Amino acid sequence: MLEKKYTEKTFTLEILYHIGDYENSIHFVFDHASKTCAIVDPAWEADLFIQRINDKGYKLTDIWLTHWHYDHTNAVDEIVEKTGAKITAGINEISYLQIEHEVQKVNNNDMLHLGKTSIKVINTPGHTKGGVCYLLDRHLIAGDTLFVYGAGNCSLPGANVVEFYHSMQKLKQINDDVMLHCGHDYGSKIETTMGKQKQGNAWLVIDTQDDFVKFVNDMSQGLITYPTDPLNKTEIQAML
């Protein structure tokens, strides 16, 4: 199990990689002032996460979900039962969630607050109907919306390739120095910036809807190999 830690002015972001059957990346946001913690997409190891937070002297108060898929939510109910943490998810994702407890709905550009730490919600549908990313300071927690030189598929209920294209246009507006943190370690490296992804991630490099739809659909049919390294426009056009 690999770990990374990023310490900012009001919070520390810690990430555990390669958790569970699908090797998820689990994100913890520790607010320094309030000694409260939020966990993003908890799955597979509820007790491990709770113990980790408690051992640091923090209280788990929030669960933030990027999307409904089982490998990102299967520890949610257990954690809520053991901690009373509040669940938050995108407004358009609620009907897909397969969890028992009440969920707070958020929409595009809503702000969450954990102690003195502020978090912006960005609606990024496409991989799922109501997927969201969480932007805090220099960090974007993207779930499966974006991977390092890749992105989530559009094959499960609620997915939509055209909506995914428009979500990518939204992500292109994020500052280049913001670090990207993904739901899985599927790329050639773990640490990357949005600037690097804008230069080499095909899902961001493609600039027309028609090419994007063809690229994603051809990949789903096995006509294009899923990339794990950067691609430029010339290389992408040759694939199309």
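When D218, D207, D176 are checked against the criterion of being in contact with a Ser or Thr (Cβ under 7 Å, 6 or more places away or on another chain) and either surrounded by fewer than 17 Cβ atoms within 10 Å (Cβ to Cβ) or outside any loop (DSSP other than H, G, I, E, B) (or both), a single residue qualifies: D176. Whether a residue is more than 30 Å from V205 (Cα to Cα), among the polar types (S, T, N, Q) and in contact with a strand residue (DSSP E or B) (Cβ under 7 Å, 6 or more places away or on another chain) was assessed, and Q98 does not pass this test. Residue count for the range 19-36, restricted to those that are touching a residue at least 40 places away in the same chain (Cβ under 8 Å) and either among the aromatic types (F, W, Y) or within 23 Å of L97 (Cα to Cα) (or both): 8. Among the residues of the range 117-172, the ones that are aliphatic (A, V, I, L, M) and in a strand (DSSP E or B) come to 8 in all.
Out of I39, I53, I need the residue that is farther than 19 Å from K105 by Cα and of a type outside the set (S, T, N, Q). Which one?
From the options I39, I53, the qualifying one is I53.
Here the condition is being part of a strand (DSSP E or B) and surrounded by fewer than 19 Cβ atoms within 10 Å (Cβ to Cβ); of H18, H101, it holds for H18 alone.
You will find that of D55, D110, D41, D77, the residue that is charged (D, E, K, R), under 17 Å from the mean Cα position of the chain (by Cα) and farther than 30 Å from N217 by Cβ is D110 and no other.
The numbers here are math on the coordinates, done by the rules we state, and not lab data. The model shown is predicted, which means the values in this text are computed figures rather than measured ones. Counting neighbours? That spans all protein chains shown, and the Cβs are built from the backbone with ideal geometry, glycine included.
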